[in-house]
Structure formats: structure tokens, C-alpha cells
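Everything on this sheet refers to the single structure shown next.
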Amino acid sequence: MGREHILIIEDDEDIQQLVSFNLVKAGFHVSCVDNGEDGLGLLKTEKIDCLLLDIMLPGKNGFAICRQIREDPRCSLPIIMLTAKIDDQEIIEGLECGANDYVTKPFSPKVLIARIKAALRRQTFETDSTPQNTEKTITIKNLKIYPERHELLVDEQKIQLTYTEFAILSMLVRRPGWVYTRQQIIDTVRGDDYAVTQRMIDVQVFSLRKKLGQAGNNIETVRGIGYRFKD
């Protein structure tokens, strides 16, 4: 796996030490901070390959930190949330923030390392498979999508989408008329080992349609299967 640089933002010193010890042992380079502001500062000065982000932090919580990171389209590193509990609302908020995965405390260091490696593999695949300088803009109907800038225009008006909403829309418009199952959307947008229910995809599509306004009618529900973008 090499010497990928993992940043841990966690205010519990015992968890910091446990995680960093096991990651170093697994061959990673590790940095630790105990609050989000210091973590954001480190992201500006260091090349970080993956972020482990606690939700309950002093000052800004993990969700706020995640949102701030995803506002910068140049910062696409995998983010794995560390949380003491997991429920539907927390999953939804994490999806909207742009988290790639969740690990629930207490966790097995071996499972955490496996999740990190999986996230890094997906990141490498996405980077290697993205055409360079060939797809600047996707234009369909009254939508203009700029994948590299994470930007959407509807009738020339900029629309703010979350990380997951943008990924779902980008997936659907690339193949108009093509029907994607909810599971295919999860696997493509989040990876096949991402712990999220298909119901969460319905929530994301509902929110996406609402933000698109009239243009949201182009996203069709195919009963019993999934979704497609009208061709």
C-alpha cells in the first residue's frame, strides 16, 4: 500500500494513540490533531491521502468540518467518519456532507485498516479512470455540469448540491434513458462496501429533484427498479 498519509482528527487521546499505532504498524504515515480547525490547517500544508474524522469534536463538529472540506473541489480525499453510534439521520447528514464511509466505535483496528485501504483503492481507480482534459462540461437539456469544478448550472443559474447529490446527477446524465438500480447507484457513488440503505438513495434523489426545480422532473423513478434521466 506504500506510505499514504492518513490524518486523524480525534479529540480522545486514547483513540488517537490506538489508531495511529495500528496505522503506522500497517505501513501508513500518520498525523493527529484533536480539533477540526487544526485539521483544516494541516490539509492546506500537507498532502493527505485519507482523513479519519470524529463527529463529536470541540468547536466545529465533524459534519461541519466535512462540509468545509467538500466546498473545495480540489480536495477530493476519502473521508471516513468515526462515530459512537449510527442511525438513519446520521447517515443522511454524513452523505450530505460528503463522507465516504463510517466506522462505529468501538471498532476493530483491522476492520478500520481494511476500510481505509478500500477507500484508497476507490480513490485511485476514480483518478486513473477519469479522462484527462476530455470532459470539461456535460450539457443536457437546460443543465450544464462541470465535473472538475463540482458545479451545476440550471438555466445558467448556479445550484448548490451536496457531494452525493452531485455524484448521483453526474452518473444519471452520462447515460440518458439508462435505468440504474438503487444498489448500482450506491456501488458507483459510494463503493460496494459502503454501509448505507437503498432508502437513503431515495432521500438523496428527493432532495436533488427539489433543488433542480422544474428540471428535477427529468429524473424519473422506474417503479421497482431505480432511476433514470430522461433521454
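The values are calculated or read from the model by the stated rules, or taken from the named source; none is laboratory data. Computed from a predicted model, the values in this text were never measured in an experiment. Note: ideal-geometry Cβ built from the backbone for every residue, glycine included; neighbour counts use all protein chains shown. Areas reflect the complete protein model, heavy atoms only, side chains present, ligands, DNA and RNA absent. Shrake-Rupley method; radii C 1.70, N 1.55, O 1.52, S 1.80 Å.
Any residue at all in the range 17-26 that is surrounded by 20 or more Cβ atoms within 10 Å (Cβ to Cβ) and more than 21 Å from the chain's Cα centre (by Cα)? Yes: the range 17-26 contains one or more residues that are surrounded by 20 or more Cβ atoms within 10 Å (Cβ to Cβ) and more than 21 Å from the chain's Cα centre (by Cα). Restricting Thr139, Thr164, Thr188 to those that are of a type in the set (S, T, N, Q) and either in contact with a Lys or Arg (Cβ under 6 Å, 6 or more places away or on another chain) or open to solvent by less than 50 Å² (accessible area, probe 1.4 Å) (or both) reduces the list to Thr164.
In the range 143-231, counting only strands (runs of 3 or more DSSP E) that sit wholly within it, the ones holding 1 or more residues that are in contact with a helix residue (DSSP H, G or I) (Cβ under 9 Å, 6 or more places away or on another chain) and of a type in the set (Lys, Arg) span 226-229. Is one or more of the residues making up the range 6-13 acidic (Asp, Glu), farther than 25 Å from Val189 by Cα and open to solvent by less than 70 Å² (accessible area, probe 1.4 Å)? Checked against the condition, which is being acidic (Asp, Glu), farther than 25 Å from Val189 by Cα and open to solvent by less than 70 Å² (accessible area, probe 1.4 Å), the range 6-13 yields at least one hit. Can you work out which of the residues in the range 33-83 that are of a type in the set (Gly, Ala, Ser) and modelled with pLDDT of 90 or more is most open to solvent (accessible area, probe 1.4 Å)? Going through the qualifying residues, I end up with Gly59.
Of all the numbered requirements in (1) of a type outside the set (Ser, Thr, Tyr); (2) modelled with pLDDT under 75; (3) within 17 Å of the chain's Cα centre (by Cα); (4) not in a loop (DSSP other than H, G, I, E, B), Asp128 misses one, and that requirement is (3). Within the range 92-116, the set of residues being over 16 Å from Leu7 (Cα atoms) and either among the polar types (S, T, N, Q) or modelled with pLDDT under 70 (or both) comprises Thr104, Ser108. For first residues located in the range 207-227 and within 18 Å of Ile92 (Cβ to Cβ), partners that are open to solvent by 70 Å² or more (accessible area, probe 1.4 Å) and not in a helix (DSSP H, G or I) and lie 6+ apart or on another chain with Cβ distances below 9 Å form the pairs Lys211/Gln160; Tyr227/Thr221. On the given criteria, is Ala119 of a type in the set (A, V, I, L, M), in contact with a Pro (Cβ under 9 Å, 6 or more places away or on another chain), modelled with pLDDT of 80 or more and surrounded by 12 or more Cβ atoms within 10 Å (Cβ to Cβ)? It is true that Ala119 is of a type in the set (A, V, I, L, M), in contact with a Pro (Cβ under 9 Å, 6 or more places away or on another chain), modelled with pLDDT of 80 or more and surrounded by 12 or more Cβ atoms within 10 Å (Cβ to Cβ). Looking only at the range 46-66, decide whether some residue is on the phi < 0 side of the Ramachandran plot, acidic (Asp, Glu) and out of contact with any strand residue (DSSP E or B) (no Cβ under 9 Å at 6 or more places or on another chain). For the range 46-66, residues on the phi < 0 side of the Ramachandran plot, acidic (Asp, Glu) and out of contact with any strand residue (DSSP E or B) (no Cβ under 9 Å at 6 or more places or on another chain): absent. Restricted to the range 84-105, and to residues that are touching a helix residue (DSSP H, G or I) at 6+ places or on another chain (Cβ under 9 Å) and over 21 Å from Ile185 (Cβ atoms), which residue is surrounded by the fewest Cβ atoms within 10 Å (Cβ to Cβ)? Filtering the range 84-105 for residues that are touching a helix residue (DSSP H, G or I) at 6+ places or on another chain (Cβ under 9 Å) and over 21 Å from Ile185 (Cβ atoms), the one surrounded by the fewest Cβ atoms within 10 Å (Cβ to Cβ) comes out as Lys105. Gly224 is checked against (1) at pLDDT 90 or above; (2) loosely packed, with under 12 Cβ neighbours inside 10 Å and fails just one. What number does that condition carry? Every listed condition holds for Gly224 apart from (1).
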